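Can you keep this structure in mind? I'll have questions shortly.
The values are calculated or read from the model by the stated rules, or taken from the named source; none is laboratory data. Since the model is a prediction, treat every value here as computed from it, not as a measurement. We place every Cβ from the backbone using ideal geometry, glycine too, and count neighbours over all the protein chains shown. The protein model used for the area step is the full one, side chains on, heavy atoms only, and it has no ligands, DNA or RNA in it. Shrake-Rupley method; radii C 1.70, N 1.55, O 1.52, S 1.80 Å.
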Amino acid sequence: MDRRGFIRAGGGILAMTAGTPMSLAAEGTAAEISRSTAMTVAAIHRVEADGVSVFYREAGPVDGPVVLLLHGFPTSSFQYRELMPLLADKYRVIAPDLPGFGFTEVPAERGYKYTFENLAKTIDAFTEALKLTRYALYVFDYGAPTGFRLAMAHPERVTAIVSQNGNAYEAGLGDAWAPIQTYWREPTAEHREVVHQALSADGIKEQYTYGVPHPERIKPEGYTLDAAMILRPGNMEIQLDLFLDYANNVKRYPAFQEYFRKAKPPLLAIWGEHDPFFIPPGAEGFKKDNPNATVQFLDTGHFALETHVVEVAGAMREFLGRALKA
């Protein structure tokens, strides 16, 4: 299948349909987590940080080890709605909405410039506002260049990193990036419109379903909310600006890799192996630079939590249990 057609005028990507139901092992993991974890409803809050009203979800004991969950495009903290209760018996899990996403509000008078450097500065201010001095990071998609900047700024604060399809290697960029890379090289109105067309409701839905063995099992809430949020007045331009600025993340990849080599944080790369955006070599790259990195692949696409939340939660509990004792 030619993945270069992923972003195109009027559509998104083609879904793959081969696959199998949840394994007995996964069902066993689900039962184990269900027995050991109270199903907690995350509380919602707001806090002023960096001149921004940051919306966030929080669950778990206030004195528990902190896990900071940073979402990706085009979603929000809503993507962690099922993961947070599976960790909240032991961990204080906190998931903010990045500026431009979800329910975080940026006043017009703030004059906010939507770049990844500024997203990281706002989340840094958010951690200061909540007085978070030690935390593990869970980074996904856009959350990765945001979180890695945070880790570079405060390496002493980061206890561990879980990267779920959160890339830091050029080898990890799939063919789906080709039209966006063209936009980087030639940021013309025509190339911007090509990217714009892929952000239709159908295009966003296909980002959720591509590479998923049983796409019909994907719940509609996530992609429906994402599509509605993107269509808010002015938000589409924010998203297109961030797509253009992603080129600066690629330029920062060597610095991220240097951080991995120097700081050597315990790191779990847990990856949907059929992701057309961030392909498996991106996960494998962490092992090259960090002897404390482990890699696990899942039979799913980009939004692994939509299909494998139990497996991800189980892997995280095992990983964090080891990493935070070290």
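Springs between alpha-carbon pairs under 10 angstrom, Gaussian network model over the chain: which of ALA125, ALA95, ALA151 fluctuates most?
Answer for the Gaussian network model of the chain: ALA125.
Grab the DSSP H runs of the chain that are 4 residues or longer, score each as -39,500 (n - 2.57), total them, divide by all residues and round the 222 nm result to the nearest 500 deg cm²/dmol.
Result for the chain, helices only: -13000 deg cm²/dmol.
For the stretch 188-326, with equal point scatterers placed on the C-alpha atoms only and solvent neglected, what are the log10 I(q)/I(0) values from the Debye formula at q = 0.11 1/Å, to two decimals?
-0.54
According to the square roots a ≥ b ≥ c of the eigenvalues of the Cα gyration tensor, what is the shape class of the stretch 259-326, taking rounded for a/c under 1.5, prolate for a/b larger than b/c otherwise, and oblate for the remainder?
Details: a/c = 3.06, a/b = 1.27, b/c = 2.41.
It is oblate, given that a/c is not under 1.5 and a/b is not larger than b/c.
Give me the Kirkwood hydrodynamic radius of the chain in Å, from all C-alpha pairs, to one decimal place?
Evaluated over the chain, this radius sits at 19.8 Å.
Separate question: Which cross-chain or sequence-distant (5 or more) residues have an amide H under 5 Å from the amide H of THR159, H modelled 1.01 Å from N in plane?
Under 5 Å from the amide H of THR159 lie the amide H atoms of TYR135, ALA136, LEU137, each far enough along the sequence or on another chain.
Right, something else. What is the set of long-range amide H partners of ILE270 at a cut-off below 5 Å, with H atoms built 1.01 Å from backbone N?
Hits under the 5 Å cutoff: SER163, GLN164, ASN165, GLN296.
Something else now. Would you list, by chain and number, the lysines whose Cα falls below 24 Å from the Cα of LYS287, excluding same-chain residues fewer than 8 positions away?
LYS251, LYS262, LYS264, LYS325
Determine the percent antiparallel among the DSSP beta bridges restricted to the chain, to the nearest 5. Let's see the in-between values first.
Numbers: 14 of 34 bridges.
The antiparallel fraction comes to roughly 40 percent.
What ³J(HN,Hα) values, in whole Hz, does the Karplus curve 6.51 cos²θ - 1.76 cosθ + 1.60 give for the stretch 286-300 when θ = phi - 60°, with x put for Gly and Pro?
4, 5, 5, 9, 9, x, 9, 9, 10, 10, 9, 9, 10, 7, 7
If R0 is 25 Å, what FRET efficiency do you get for PHE297 and GLU258 from their C-beta distance, rounded to 0.05?
Efficiency for this residue pair is about 0.45.
Still on this structure: Give the peptides 134-143, 183-192, 291-300 in descending order of average Cβ contacts within 10 Å, highest first.
Answer by packing, highest mean first, reads 134-143, 291-300, 183-192.
Another question, if that's okay. What list of ³J(HN,Hα) couplings, whole Hz, do you get for the stretch 177-185 from phi and the Karplus terms 6.51, -1.76, 1.60, once you set θ to phi - 60° and write x for glycine and proline?
Residue by residue, the stretch 177-185 yields 7, 3, x, 6, 5, 4, 4, 4, 5 Hz.
Still on this structure: Given just the C-alpha atoms of the stretch 116-225, how large is their convex hull per residue in cubic angstrom?
Details: hull volume 17.0 nm³, N = 110.
For the stretch 116-225, the hull spanned by Cα atoms encloses 154 Å³ per residue.
Can I ask one more? What number, in percent, do you get for the relative contact order of the stretch 103-195 if the mean sequence gap of Cα pairs under 8 Å and at least 6 apart is divided by its residue count?
23
How many Å² of accessible area per residue for the stretch 182-312, probe 1.4 Å?
Using a 1.4 Å probe on heavy atoms only, each residue of the stretch 182-312 averages 41 Å².
Please turn the phi angles of the stretch 88-101 into ³J(HN,Hα) values with the Karplus equation 6.51 cos²θ - 1.76 cosθ + 1.60 (θ = phi - 60°), one per residue in order, whole Hz, x for glycine and proline.
6, 5, 10, 10, 8, 9, 10, 10, x, 8, 5, x, x, 10
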